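Inspection log for the structure reproduced underneath, given as structure tokens.
The values are calculated or read from the model by the stated rules, or taken from the named source; none is laboratory data. On a predicted model such as this, the values are computed, not experimentally measured, just so you know. We place every Cβ from the backbone using ideal geometry, glycine too, and count neighbours over all the protein chains shown.
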Amino acid sequence: MSLFSLAGKTAVITGSTRGIGKAIAERMAEAGAKVVISSRKPEACTAVAAAIVARHGAGSAIATGPFVSTPSPIATYIAMRYRRLRSGSRSAMTKNASASDKKSVM
């Protein structure tokens, strides 16, 4: 029994090659979403995306990465990779991991 359906939706999940991010990506794919796997390690992205595709079928996942630490290139890269997977519009963005310039906000 499924609690909800994400069929026809696309989800971008940062930090989705291990731990909580990977679990989120797997559950979203299980609910029918097409997932964009992202991390700093391209090999890990490819492995996780391949495992999701093996379980949920062709087109269910795509690998991205590596990310950089400035917002503009990240947004451009995600948009480029997302368009390759898209069948509608991006439906979800899970920011499970990110970069910081470590400067004080005060």
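What the table below lists for this structure:
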item	result
Residues of the range 1-25 satisfying the condition of being in a helix (DSSP H, G or I) and under 10 Å from the mean Cα position of the chain (by Cα)	Gly21, Lys22, Ile24, Ala25
Residue that is among the small types (Gly, Ala, Ser), at pLDDT 95 or above and part of a helix (DSSP H, G or I), where the choices are Ala54, Ala44	Ala54
Tally of residues being without any contact (Cβ under 8 Å) to a residue 60 or more places away in the chain, within 16 Å of Ala50 (Cα to Cα) and among the small types (Gly, Ala, Ser) across the range 7-21	0
Close pairs from the range 29-40: first closer than 12 Å to Gly57 by Cβ, partner surrounded by fewer than 16 Cβ atoms within 10 Å (Cβ to Cβ) and among the hydrophobic types (A, V, I, L, M, F, W, C), Cβ under 7 Å, at least 6 apart	Gly32/Ala7
Boolean, Gly32 is modelled with pLDDT of 75 or more, surrounded by fewer than 18 Cβ atoms within 10 Å (Cβ to Cβ) and touching a Leu at 6+ places or on another chain (Cβ under 6 Å)	yes
